[in-house]
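First up is the structure itself, then whatever we jot down about it.
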Amino acid sequence: MYLVTQLINLAIMIWKSLFSAVSILAHMLSAFAAPTLDSQLTSQSPGKYVFAHFMVGIVKDYQLSDWKEDMIAAQSIGIDAFALNCASIDSYTPTQLALAYEAAEQVNFKVFISFDFAYWTNGDTAKITEYMKQYAGHPAQMQYKGAAVVSTFVGDSFNWDAVRQGTPHPIYALPNLQDPAEATTGPAKSADGAFSWLAWPTDGGNSIIPGPMTTVWDDKFVHFLAGKTYMAPVSPWFSTHFNVKNWVFVCENLPTLRWEQMLSLQPDLIEIISWNDYGESHYIGPYSAHHSDDGSSQWAADMPHDGWRNLFKPYISAYKSGAKTPTVEADEVVYWYRPTPKGVVCTGDTLSAPMGAHMLSDSIFVATMLTSPATLTVQSGNNAPVSIDVPAGIVTSSVAMGIGGQSFKVIRNGQTILSDQGGLAVKSSCVYYNFNVYVGSIGGVNGVGNSIGAYDPEPDSFQVNTQREVTEIPSQLGPRTPCLMPATPEPQGLRGSAYDTLDTNAGARTMAFTHTAIPMANSIASIEKFGRDNPTRPRHIVLRYLEELFVPFLHLLVLDTTVENATKTDDGQWKLTLRRRNVQHGTSNAPRDYWWEEQFDALVVASGHFTVPSLPNIEGLVETSVEFPDKFEHAKSWRSSDSYVNKRVVIVGGGISAADLVEDLHQIVKGPLYVSRRGNVGFLEDAWRLPNVVDKSIISRISPAAGGTVEFQDGTSINFDKIIFATGYKLSYPFLPFEAVTPQNRLDGFYQHIFRIGDPSLAIIGQVRAAISFRIYEYQAVAVSRFLAGRSQDLPNRTAQDEWVERRLQYKGPTELFHEIMPDFVEYYGWLREFAGCAEGKPTEYLLPEFEENWVQSDIEILLAKKQHWVALRDKNRVLDYEQLAKTGVNSSISR
């Protein structure tokens, strides 16, 4: 059978390679439900609102863009407003409140102030009144029943009458009462309702009880409020480990149990605790790099909770509509678990384990969100896999925690619909106690989970030797004898390169295929840099675009399968040896690898060329990386700048990836940011001139001396904490029956970079460079599919093909530049168009368009915009330097 029908599927797999020059592995495309950008408030019954508690005290360095990013993320799951917890002692409170209100107005979000009475006092009535006078009538102020909402943390004894009298605009006071009985006596009677902070199993205050969570406190509040407004709390977790605050509540099933209680109780309002309180571990917002660290990074850094937003969204929608159960629109799994069992003794901690830790279970918790019944299989560490039949809807299950990696799979009607590894391995040792949880998600529709959309939260580890080992084929495998073999670990190199905040670096107009445009959408970060309606697209928008193109071919697609070997049989067929790892066969058997063979008339390879990192041959690199593996990283494994804060950093490379890294890191590293590069790429020069960047020569040696030392060819040396190599990738086709790649990283023996000379039943798509992607992949795919279908022009004879290779070598040389199409776009696109011709019997249908010169400008417009952005950053720094000089009176007579 021909692979013609599979050609488009394979071609799409290499279209992944354009996400800012990184590869996105085909197995990540198993999440076919496309993410959405829901920036509108969820439809709701009158008066039903959901808020999220936001700690202003830790965002003193927030910019307008930071506020907007948080608000848009909150909007996307149906949150209506932030309750802005602010303290009287923070000098930046006025600035950040102003930014919050401005940002909210710009994105059609709402906010209100929550005065934290751990710092405010009853004597601050005048100050509180001034804040309410300033913001009560603001367009972004949350209004409820025609009045401006205001709340507190504690503050039970504050009298709101004076504030109400001093504020021209009506106010609606919902203070936090520690005892609901206070609603009937004293100053609390002046309020319009009350907010409860008792969102975890407790006998009151911070007392810890085994649980489970009940609505006993909600019932008391409703009773004592006697018809006044009750704002109920919802919180997924609570764990803290400060010197004076060291406990954990029993809240392991709370992310769903509490919402089920809310759907039954239907309180007037709901406030989620919290959006960003990392110190108490109940945040559902992203772990922002711009917040100040009060010590909570010890347990919150690298512990994302984003998946809980996926889980909360259908519950919020159900609450607002008055439904008793949430509606699931797409299959998804959300999981959470601690990094260690509760009994592990941490070796470097001066504090004991948190109070209440002994009440917890050592379990992995999984919430399935299913459109119809299925089977969930969880393997925790070395424990045997556990399979659970789960119904449609949202159900939380748990399995015993095991040491090691975690894996999750959902099977329906014999087909695996969701599958992924957990983002964190459970360990049997620790330095500091951490009873926070790692939250991950698989599948879904809104793109906020950390396993959605071609994003591996745990990247490949650093390896100097990236050569793939030769696969040993099982001896018992034959054409009609598939076999199950012991499961093998995931090989190095399969993890994708995309990071969560990735934007494209090619213009969307020509990045799209000629028949379908990429939808318009920009990330907040790109808007801040390049303005609205700019040509970039966030990675999840491009992923959704590709997924929707996949839909007609889903029945032909096989995922989670590797080609281990491809050989030519005596009768001219291509025999593929295939492996699917960790197949669960039977409920009592350990997962095993399933091997089988299939034969085809033709083979199309479309695996891209951004998979295997290329590293320079530097003296001492191997030895030093073995001794200090955490100090080295390739750009493929970049996920965020968090691990580079206040570190001595060297970037190796001179291309666009290196330039993007310089932009991300130049303001946060310790001391200068060193960049070691070989040549010059003209339009990137402004990146190397950013503030705090030192342009260095090539590295001559790396040694483990003094914890890590780099020696440059100019004779200088520095100590380093991190080196990141933005040095490109090596071609790799290890499954082919011949050596397809030369030592100079060139694909050898392929006509027009596509057809194997002497055997055109083997074709490679996507090998070209500087060719305007994705569009060039479309042209190549159409040409190959029509050739294999016998509908294209004939290929020239072998002599002519060999002569083309020789001319190309003389023109471009023997390196990877052999495959560079620039500047010969017209010629190459023209050849593909002419060779492919028209669809059979349809002379006017899907004739590839002629190349247009303006495609080049569209392709590079983001690169040109980046250049302007770097210039602006550099000029801004010069202005700031000048202003500082003026303030200090230094060199006041600067010559011009």
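Could you say which residue among Ser274, Ser292 is under 23 Å from the mean Cα position of the chain (by Cα), surrounded by fewer than 21 Cβ atoms within 10 Å (Cβ to Cβ) and touching a residue at least 60 places away in the same chain (Cβ under 8 Å)? Before you say what the answer is, go through the steps one by one.
Values: Ser274 fails: surrounded by fewer than 21 Cβ atoms within 10 Å (Cβ to Cβ).
None of the others qualify; the one that does is Ser292.
Just a yes or no: is a residue in the range 795-803 modelled with pLDDT of 95 or more, touching a Leu at 6+ places or on another chain (Cβ under 9 Å) and surrounded by 14 or more Cβ atoms within 10 Å (Cβ to Cβ)? Explain how you work it out, then say what you get.
Step one: list which residues in the range 795-803 are modelled with pLDDT of 95 or more, which gives 795-803.
The next check asks that each one be touching a Leu at 6+ places or on another chain (Cβ under 9 Å); those that pass are 801.
Adding the requirement that they be surrounded by 14 or more Cβ atoms within 10 Å (Cβ to Cβ) leaves 801.
Yes, the conditions are met somewhere in the range 795-803.
Residues are listed down the side, and each one gets a yes or a no for (1) of a type outside the set (S, T, N, Q); (2) modelled with pLDDT under 95; (3) surrounded by fewer than 23 Cβ atoms within 10 Å (Cβ to Cβ):
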residue: Pro170; (1), (2), (3): yes, no, yes
residue: Leu174; (1), (2), (3): yes, no, no
residue: Glu182; (1), (2), (3): yes, yes, yes
residue: Phe195; (1), (2), (3): yes, no, no
residue: Asn206; (1), (2), (3): no, yes, yes
residue: Ile209; (1), (2), (3): yes, yes, yes
residue: Phe224; (1), (2), (3): yes, no, yes
residue: Met231; (1), (2), (3): yes, no, no
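Taking each residue of the range 850-861 that is over 18 Å from Asn534 (Cβ atoms) and looking for partners that are in a helix (DSSP H, G or I) and open to solvent by 70 Å² or more (accessible area, probe 1.4 Å) with beta-carbon atoms closer than 7 Å, six or more apart or interchain, yields Phe851/Val826.
Of the residues making up the range 295-340, those that are open to solvent by 10 Å² or more (accessible area, probe 1.4 Å), of a type in the set (S, T, N, Q), more than 24 Å from Leu265 (Cα to Cα) and modelled with pLDDT under 95 are Ser297, Gln298.
The residues of the range 104-138 that are polar (S, T, N, Q) and either at pLDDT 95 or above or part of a helix (DSSP H, G or I) (or both), listed by number, are Gln106, Ser114, Thr121, Asn122, Thr125, Thr129, Gln134. The number of residues in the range 408-434 being touching a strand residue (DSSP E or B) at 6+ places or on another chain (Cβ under 8 Å), of a type in the set (S, T, N, Q) and over 24 Å from Ala301 (Cβ atoms) comes to 2. For the range 751-758, the criterion of being assigned to a loop (DSSP other than H, G, I, E, B), more than 27 Å from Leu494 (Cβ to Cβ) and open to solvent by less than 30 Å² (accessible area, probe 1.4 Å) is met by at least one residue. Looking across the range 139-168, the residues that are open to solvent by less than 50 Å² (accessible area, probe 1.4 Å) and either assigned to a strand (DSSP E or B) or in contact with a His (Cβ under 9 Å, 6 or more places away or on another chain) (or both) come down to Gln141, Tyr144, Ala147, Ala148, Val149, Val150, Ser151, Thr152.
This table checks each residue for (1) in contact (Cβ under 8 Å) with a residue 24 or more places away in the chain; (2) under 18 Å from Lys722 (Cα atoms); (3) not assigned by the TED database to the domain that holds Leu559.
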| site | (1), (2), (3) |
| --- | --- |
| Val583 | yes, no, no |
| Ser607 | yes, no, yes |
| Leu621 | yes, yes, yes |
| Val626 | no, yes, yes |
| Lys631 | yes, yes, yes |
| His634 | yes, yes, yes |
| Ser641 | yes, yes, yes |
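Among residues of the range 752-774 that are free of Cβ contacts under 8 Å to residues at least 12 places away in the same chain, those with a beta-carbon under 6 Å from a residue that is open to solvent by less than 10 Å² (accessible area, probe 1.4 Å) at least six positions away or on a different chain give the pairs Arg756/Phe750; Arg756/Leu762. Open to solvent by less than 20 Å² (accessible area, probe 1.4 Å) and in contact with a helix residue (DSSP H, G or I) (Cβ under 9 Å, 6 or more places away or on another chain): does that describe Tyr283? Answer is yes for this residue.
Do we find a residue being open to solvent by less than 10 Å² (accessible area, probe 1.4 Å) and not in a loop (DSSP other than H, G, I, E, B) anywhere in the range 807-821? Before you say what the answer is, go through the steps one by one.
Taking the range 807-821 and keeping what is open to solvent by less than 10 Å² (accessible area, probe 1.4 Å), we get 818-819, 821.
Keeping just the survivors that are not in a loop (DSSP other than H, G, I, E, B) gives 818-819.
Scanning the range 807-821, I find at least one residue that is open to solvent by less than 10 Å² (accessible area, probe 1.4 Å) and not in a loop (DSSP other than H, G, I, E, B), so the answer is yes.
Checking the condition within 23 Å of Pro354 (Cα to Cα) and touching a residue at least 60 places away in the same chain (Cβ under 8 Å), which residue from Glu252, Glu280 passes? Spell out how you get there, then give the answer.
Working: Glu280 fails: touching a residue at least 60 places away in the same chain (Cβ under 8 Å).
Step by step, each of Glu252, Glu280 is checked, and only Glu252 is within 23 Å of Pro354 (Cα to Cα) and touching a residue at least 60 places away in the same chain (Cβ under 8 Å).
The set of residues in the range 478-529 being open to solvent by 10 Å² or more (accessible area, probe 1.4 Å), hydroxyl-bearing (Ser, Thr, Tyr) and in contact with a Pro (Cβ under 9 Å, 6 or more places away or on another chain) consists of Tyr499, Thr501, Thr514, Ser523.
For the range 530-547, residues that are open to solvent by 30 Å² or more (accessible area, probe 1.4 Å), assigned to a loop (DSSP other than H, G, I, E, B) and more than 21 Å from Ala771 (Cβ to Cβ) total 2. Name the residue that is nearest to the chain's Cα centre (by Cα), counting only residues in the range 237-252 that are open to solvent by less than 10 Å² (accessible area, probe 1.4 Å) and of a type in the set (Phe, Trp, Tyr). So, considering only residues that are open to solvent by less than 10 Å² (accessible area, probe 1.4 Å) and of a type in the set (Phe, Trp, Tyr), the one nearest to the chain's Cα centre (by Cα) is Trp237.
The values are calculated or read from the model by the stated rules, or taken from the named source; none is laboratory data. Computed from a predicted structure; not experimentally measured. Because the Cβ atoms are built from the backbone with ideal geometry, glycine has one as well, and the counts that use them run over all protein chains shown. Accessible surface areas use protein heavy atoms only, side chains included; no ligands, DNA or RNA. Shrake-Rupley method; radii C 1.70, N 1.55, O 1.52, S 1.80 Å.
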